[in-house]
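Before any comments, here is the structure.
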Amino acid sequence: MQNYKAREYVGLEEIVGPIFFIRNIHNVGYNELVEIVDETGKSRLGVTLEVGKGYAVVEILEGTSGLSLNNSRVRFREQPLTLGVSEDVLGRIFDGKGNPLDGMPKPLCDKMLDVNGLAINPTARDYPKNIIETGISAIDVMNTLVRGQKLPIFSGSGLPHDLIATQIACQARVEGEGFCVVFAAMGVKYDTVRFFIKTFEDSGVLERVAMFLSLADSPSIERTMTPRLALTAAEYLAFTKNMHVLVIMTDMSNYCEALREVSTIRGEIPARKGYPGYLYSDLASLYERAGMIKNVKGSITQIPILTMPNDDITHPIPDLTGYITEGQIVLEREMYSRGIYPPIAGLPSLSRLMKDNVGKGFTREDHPALASQLFSCYARVKDIRALASIIGEEELAPLDLLYLKFGDEFERKFLSQGYHERRTLEEGLDLGWDVISILPKEELVRIKDEFIAEHYKKR
Amino acid sequence: MLSVVGKVYRVSGPVVEAEDVKSLRMLDMVEVGQEHLVGEVVRLKAERAYIQVYEDTTTLKAGDLIYTEGYPLYVELGPGLLGNFYDGIQRPLETIKEKDGFFIRRGVHIPALDRNKKWHFKPIVGKDAAVKGGQIIGEVFETALIIHKIMLFPELQGKISWIAPEGDYTLDEKIAVVENGQKYDVFMYQRWPVRKSRPTRNRLAINEPLITGQRVIDTLFPVGKGGCVAVPGGFGTGKTVIQHQLAKWSDAQIVIYVGCGERGNEMTDILLNFPKLIDPRTKRPLMERTIFIANTSNMPVAAREASIYTGITLAEYYRDMGYHVALMADSTSRWAEALRELSGRLEEMPLEEGFPAYLSSRLAEFYERAGNFKTLNGDSGSITVIASVSPPGGDFSEPVTSHTKRFIRCFWALDRDLANARHYPSISWIDSYSEYLEDIKGWWHSNISPNWLAFRYRIMELLQKEQRLLQVIKLVGPDVLPQRQRLVIEICSIFKNTFLQQSAFDDIDTFSSARKQFLLLTNILNFYDRCDELIKKGLNISEIKSTSAYQEIMRMRHKYSENNLEELEKLSRTIDESLKELEL
């Protein structure tokens, strides 16, 4: 960071929110790093949002409180925002701008990388393969997570998304060598962060975790940078150091709020619900940094967590996320209030990469057919429940009653499991056969006869 | 020749404002700054020009120079397109990877077509022949499947004063000279501006279906060769799988797949799987007839806007050779969003949801480039456009879906509930429609069976009836319905399970020929008629479900491959006999 030509300007033209305008400058590039020193000598970092002949618009990551128009000094670094990366970031805790929070000095860095990253050439990508056994049947059997996938958790406030994310991070650790976690927190409360730190500590994985924390009380603008820092570190670990990196980002809704805030201050034309028109492209520039690359051993798997405002899945944030990510794990409030953990909704959840990574040659041969059958029977259960609420259970046909029984057992025995319970895929599949065998064989039209003969359990 | 035409005045994301501009025209292609980032002029005003840049503009400064060659944004058309992977402005991604590694850096300038490769050229016109624009003057074996026809530039005509003898040539070697007062060298490739459609002689009526091998499409909502389809659906409803299936199995001769602002891994999936796939008709690798354009969601937004035009221009080029081309665009909503983003940066007045006022006219222009045509050479060729639409929140009333509906004649609405129940393809039989039925019924009637349209309407009627009955059941339960109505529900459930649902990942099920589709449908309708008669005679519906005929019907889609369709035809007799036993 020392090698920059210091050109210093004094005086700003205008300050609005986290943004300032400066005039009479020259040779300043778009999206470059800016350093601002205020009256007290404290320096803050910013990035140019727009440059023109003799002027620039700069957004300051640390907020503008205490800045004055006349006595602020501005230095343009002539390079984009970079992050120093090395393997030493593991086991460390940073703030949302990449400065150490744990009282230790900055880690020695191997490379300085542009935090914006570069697009991976689609022809260089390798298709995600090798499932990650998370130990949660609702995920392993029904919505299998694959290395290199981006699979978000669509949650709501008050739902146990943090529990599920940590359960995955801790239980998946046994899979493969060189596993590590990069954790980015955007605008979450300290309690939540402490929960993550403590869980990682308790399960002994903390030295394999790099944390980037932008807490709820830090300036919202900082949040737009935090996931980029985290992903830059993850890219280095995965593609230079050949590690399998799991990136957990929480809460993407706060990230989007920060983006909207900046966009509004800049006076941009809003698209839906005041979010900027480029929200899709911007989210894609984060999510698309997951994946695998041909002839490189490492991988980046992303689990972004977002809380759907008002549990509304059609809200722009979950909606655009769902269009970019490879599926979604949706949490259901109604199930959680009935005491089912993990409350992973059966029907709206989906893993798009599952189809190419389960079944013969990958997991057990009956896996895809069983999962598909469970989905379709559970969809039928929902219909029957709706019917029962109108005409009463007594009026239902005997087959429908069997479906209701299947539905209950599916939720209570199969979906539900303990926070510390690690179920293997094999156990999960057997359990799936257990509950589906409540239904008569003729109902299992999506499963080939040979699998039924092998696994169907007589009751 | 590059010349300096101005200086950067302002940079805001992908939009650059230039000052001191001289001699720039609208839609001219320019190169910006030290790294020569590619851009296009989108607005001119006094000495200012607004440029949309197809690459990341980070570190671009005021005062950086702007260069131009004086051409509009163009694509290169010639042998070597097939099997290639391009980005939105036709840069070859494979070559970039070999040169630059796995990340895409900025300012890469690599010609779209390989200049070193030699192609075997065979002339088909002689010296002194009078030739006109679009005429085919020679042939090149581009792949084992496709003969690449070398055409004269559409605006050129005259007399051939020299033509190369049969032999191997690179693209830089001239293969003919045309004289019409002036001398013009002719090469095996030509350049064409992407935003201008290539000329044809006239339009033809649509009269042949595009057979896709997907039952719900071909039988219920078919599209004609030269037609336009929109496939709208919320996320996770299976748009991309349908597009992939069509790219694999449709009977177009050339397939152009535009991945516009979608996932990188989807393109990787194609890249890894397509080379392994064999065309069921020609037994050749599918790659030999396919061109891919990949501008994934994290690649620059302006190039995403251009990718659709790049795709359709390539399609027009192969159409001009007399081929039937299918263009898959996944997804046009991302393209519209790119328009919106660029329009916002240009500070234009927004309309609904921030989209610019010209959204509808841009969509119309694009869809009108599809159709069945008589080419300048006198052959017939077609472009079928299959465009997916990603409506926010799955709401079909949003601007992109509703405008698109005005310019297409076939609509495959993807249904969230079907997708949730893992009923794929999740094309809703209630909301979808096709206006091509009457256009293409002739083909079905002369090639498959004269009963086709009648059977199709019959099953649609049953599905409509079922819809009403299901609403009754929701209120009162199934037991109160009379047996004949319960049979309708049972038959529709059979139809959904054995016909409408189709697994893209099952070797037998992934493709059904037109004949197999018709046989499956006939067997189901026949089964319905027999059962209906039995029920009128007092039989209970539960007895039917326990027959072997029922089991046979339920399993027939997996059991009979394309090679034993005769047996599938005989199945209806077996079913008749097994049901007769119930009568006794």
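The values are calculated or read from the model by the stated rules, or taken from the named source; none is laboratory data. Because the structure is a prediction, the values reported are computed rather than measured. Don't worry about glycine lacking a Cβ; one is built from the backbone with ideal geometry, like all the others, and counts go over all protein chains shown. Keep in mind that these areas ignore ligands, DNA and RNA; they rest on the heavy atoms of the full protein, side chains included. Shrake-Rupley method; radii C 1.70, N 1.55, O 1.52, S 1.80 Å.
Can you tell me which of B:ASP279, B:ASP269 is of a type outside the set (Val, Ile, Thr), surrounded by fewer than 24 Cβ atoms within 10 Å (Cβ to Cβ) and more than 12 Å from every other protein chain (Cβ to nearest Cβ)? Before the answer, list the steps.
Values: B:ASP269 fails: more than 12 Å from every other protein chain (Cβ to nearest Cβ).
Exactly one residue qualifies, and that residue is B:ASP279.
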Query raised in the report: Can you spot a residue in the range A:369-379 that is open to solvent by 40 Å² or more (accessible area, probe 1.4 Å) and either under 26 Å from the mean Cα position of the chain (by Cα) or at pLDDT below 90 (or both)?
Result: no
Query raised in the report: Only one residue in B:ASN207, B:ASN180 is more than 22 Å from B:ARG289 (Cα to Cα) and assigned by TED's automatic domain parsing to the domain that holds B:PHE373. Which one?
Result: B:ASN207
Query raised in the report: Considering the range B:208-224 alone, what residues qualify as being touching a strand residue (DSSP E or B) at 6+ places or on another chain (Cβ under 7 Å) and in a loop (DSSP other than H, G, I, E, B)?
Result: B:GLU208, B:LEU210, B:PHE221, B:PRO222, B:VAL223
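Suppose we filter B:ILE448, B:ILE494, B:ILE427, B:ILE459 for residues that are among the β-branched types (Val, Ile, Thr), more than 18 Å from B:SER572 (Cβ to Cβ) and either surrounded by 15 or more Cβ atoms within 10 Å (Cβ to Cβ) or touching a residue at least 40 places away in the same chain (Cβ under 8 Å) (or both); which single one remains? Spell out how you get there, then give the answer.
Working: B:ILE448 fails: more than 18 Å from B:SER572 (Cβ to Cβ); B:ILE494 fails: more than 18 Å from B:SER572 (Cβ to Cβ); B:ILE459 fails: more than 18 Å from B:SER572 (Cβ to Cβ).
Within the list B:ILE448, B:ILE494, B:ILE427, B:ILE459, the selection yields B:ILE427.
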Query - Candidates A:GLY98, A:GLY91, A:GLY66, A:GLY84 - the one that is over 30 Å from B:GLU19 (Cα atoms) and in contact with a Cys (Cβ under 8 Å, 6 or more places away or on another chain) - result: A:GLY84
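Among the helices (runs of 4 or more DSSP H) lying completely within the range A:231-342, list those that include at least 2 residues that are in contact with a strand residue (DSSP E or B) (Cβ under 6 Å, 6 or more places away or on another chain) and hydroxyl-bearing (Ser, Thr, Tyr).
Hits in the range A:231-342: A:252-265.
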**Report entry** Set B:ARG456, B:ARG468, B:ARG486: member being within 12 Å of chain A (Cβ to nearest Cβ) and at pLDDT 90 or above
**Finding:** B:ARG486
Requested in this report: Pull up the range B:403-423, narrow it to residues that are assigned to a loop (DSSP other than H, G, I, E, B) and in contact with a Pro (Cβ under 9 Å, 6 or more places away or on another chain), then point me to the one that is surrounded by the most Cβ atoms within 10 Å (Cβ to Cβ).
Outcome: B:TRP412
Query raised in the report: Taking the stated definitions as given, is B:TYR367 at pLDDT 95 or above, buried (at least 24 other Cβ atoms within 10 Å of the Cβ) and either over 15 Å from the mean Cα position of the chain (by Cα) or within 28 Å of B:ALA303 (Cβ to Cβ) (or both)?
Result: no
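Of all residues being assigned to a strand (DSSP E or B) and within 14 Å of chain B (Cβ to nearest Cβ) in the range A:63-87, which is farthest from A:THR226 (Cα to Cα)? Just the residue, please. If you could, list the steps in order and put the result at the bottom.
Within the range A:63-87, the subset assigned to a strand (DSSP E or B) is A:73-76, A:82-85.
Now drop any that are not within 14 Å of chain B (Cβ to nearest Cβ), which leaves A:76, A:82.
On the way: A:PHE76: 21, A:THR82: 12 Å.
Only one residue fits best here, namely A:PHE76.
Any residue in the range A:45-59 that is open to solvent by 60 Å² or more (accessible area, probe 1.4 Å) and either away from chain B (no Cβ under 14 Å) or not charged (D, E, K, R) (or both)?
Start the filter on the range A:45-59 by keeping residues that are open to solvent by 60 Å² or more (accessible area, probe 1.4 Å), which leaves A:53.
This time we only want the ones that are either away from chain B (no Cβ under 14 Å) or not charged (D, E, K, R) (or both), so: none.
Scanning the range A:45-59, I find no residue that is open to solvent by 60 Å² or more (accessible area, probe 1.4 Å) and either away from chain B (no Cβ under 14 Å) or not charged (D, E, K, R) (or both), so the answer is no.
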**Report entry** Residues located in the range B:21-40, provided they are more than 14 Å from every other protein chain (Cβ to nearest Cβ) and touching a Lys or Arg at 6+ places or on another chain (Cβ under 7 Å)
**Finding:** B:LEU27
Report summary line: Restricting the range A:437-459 to residues that are within 14 Å of another protein chain (Cβ to nearest Cβ) and open to solvent by less than 20 Å² (accessible area, probe 1.4 Å), the one nearest to A:VAL141 (Cα to Cα) turns out to be A:ILE447
Report summary line: How many residues of the range A:238-276 are within 30 Å of A:GLU87 (Cα to Cα) and over 18 Å from the mean Cα position of the chain (by Cα)? The answer is 5
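Looking at A:LYS106, A:LYS198, A:LYS150, can you tell me which residue is within 30 Å of A:ASN31 (Cα to Cα) and away from every other protein chain (no Cβ under 14 Å)? Please lay out each step first, then the result.
Details: A:LYS198 fails: within 30 Å of A:ASN31 (Cα to Cα); A:LYS150 fails: away from every other protein chain (no Cβ under 14 Å).
On inspection, the qualifying residue turns out to be A:LYS106.
Across the range B:390-402, what is the total count of residues that are away from chain A (no Cβ under 13 Å) and surrounded by 20 or more Cβ atoms within 10 Å (Cβ to Cβ)?
Initially, the range B:390-402 is screened for residues away from chain A (no Cβ under 13 Å), giving B:401-402.
In the following step, the residues that additionally are surrounded by 20 or more Cβ atoms within 10 Å (Cβ to Cβ) were identified as B:401.
Summing the residues that are away from chain A (no Cβ under 13 Å) and surrounded by 20 or more Cβ atoms within 10 Å (Cβ to Cβ) in the range B:390-402 gives 1.
Do we find that B:VAL325 is within 19 Å of B:LEU73 (Cα to Cα) and of a type in the set (A, V, I, L, M, F, W, C) in this structure? Even if it seems obvious, please write down each step before you answer.
Working: within 19 Å of B:LEU73 (Cα to Cα): no; of a type in the set (A, V, I, L, M, F, W, C): yes.
The answer is no for B:VAL325.
Any idea which of A:ASP383, A:ASP311 is touching a residue at least 12 places away in the same chain (Cβ under 8 Å) and among the acidic types (Asp, Glu)?
Values: A:ASP383 fails: touching a residue at least 12 places away in the same chain (Cβ under 8 Å).
Answer to the check: A:ASP311.
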Query raised in the report: Is it the case that B:GLU581 is of a type outside the set (A, V, I, L, M), open to solvent by 30 Å² or more (accessible area, probe 1.4 Å), at pLDDT 90 or above and in a helix (DSSP H, G or I)?
Result: no
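Could you tell me which of the residues A:ARG423, A:ARG385 is open to solvent by 10 Å² or more (accessible area, probe 1.4 Å) and under 17 Å from A:ILE340 (Cα atoms)?
A:ARG423
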Report task. Check the range B:472-479 and report whether any residue there is assigned by TED's automatic domain parsing to the domain that holds B:GLU365, surrounded by fewer than 21 Cβ atoms within 10 Å (Cβ to Cβ) and in a loop (DSSP other than H, G, I, E, B). Result -> no
Query raised in the report: Pick from the range B:90-122 the residues that are of a type in the set (Val, Ile, Thr) and in a loop (DSSP other than H, G, I, E, B): which of them is modelled with the highest pLDDT?
Result: B:ILE110
Query raised in the report: Does B:GLY234 satisfy the criteria of being in a loop (DSSP other than H, G, I, E, B), open to solvent by less than 10 Å² (accessible area, probe 1.4 Å), within 14 Å of another protein chain (Cβ to nearest Cβ) and under 30 Å from A:THR301 (Cα atoms)?
Result: yes
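I'd like the full set of residues that are out of contact with any helix residue (DSSP H, G or I) (no Cβ under 6 Å at 6 or more places or on another chain) and in a loop (DSSP other than H, G, I, E, B), limited to the range A:349-362.
Going residue by residue through the range A:349-362, those that are out of contact with any helix residue (DSSP H, G or I) (no Cβ under 6 Å at 6 or more places or on another chain) are A:349-357, A:360-362.
Correct list: A:SER349, A:ARG352, A:LEU353, A:ASN357, A:LYS360, A:GLY361, A:PHE362.
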Report task. Report whether or not A:LEU90 is touching a residue at least 12 places away in the same chain (Cβ under 8 Å) and more than 18 Å from A:ARG228 (Cα to Cα). Result -> no
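Please determine, by comparing only the residues of the range A:11-32 that are within 14 Å of chain B (Cβ to nearest Cβ) and surrounded by 22 or more Cβ atoms within 10 Å (Cβ to Cβ), which one is farthest from B:SER12 (Cα to Cα).
Of all residues in the range A:11-32, those within 14 Å of chain B (Cβ to nearest Cβ) come to A:19, A:21-32.
If we keep only those that are surrounded by 22 or more Cβ atoms within 10 Å (Cβ to Cβ) as well, we get A:22, A:28-30, A:32.
Values: A:ILE22: 15, A:VAL28: 13, A:GLY29: 11, A:TYR30: 8, A:GLU32: 12 Å.
Result: A:ILE22.
Give B:VAL186, B:VAL178, B:VAL258 a once-over and let me know the one that is under 17 Å from the mean Cα position of the chain (by Cα) and buried (at least 19 other Cβ atoms within 10 Å of the Cβ). It would help to see each step written out before you state the result.
Values: B:VAL186 fails: under 17 Å from the mean Cα position of the chain (by Cα); B:VAL178 fails: under 17 Å from the mean Cα position of the chain (by Cα).
It is B:VAL258.
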Query raised in the report: Just one of A:ARG228, A:ARG173 is at pLDDT 90 or above and open to solvent by 10 Å² or more (accessible area, probe 1.4 Å); which is it?
Result: A:ARG228
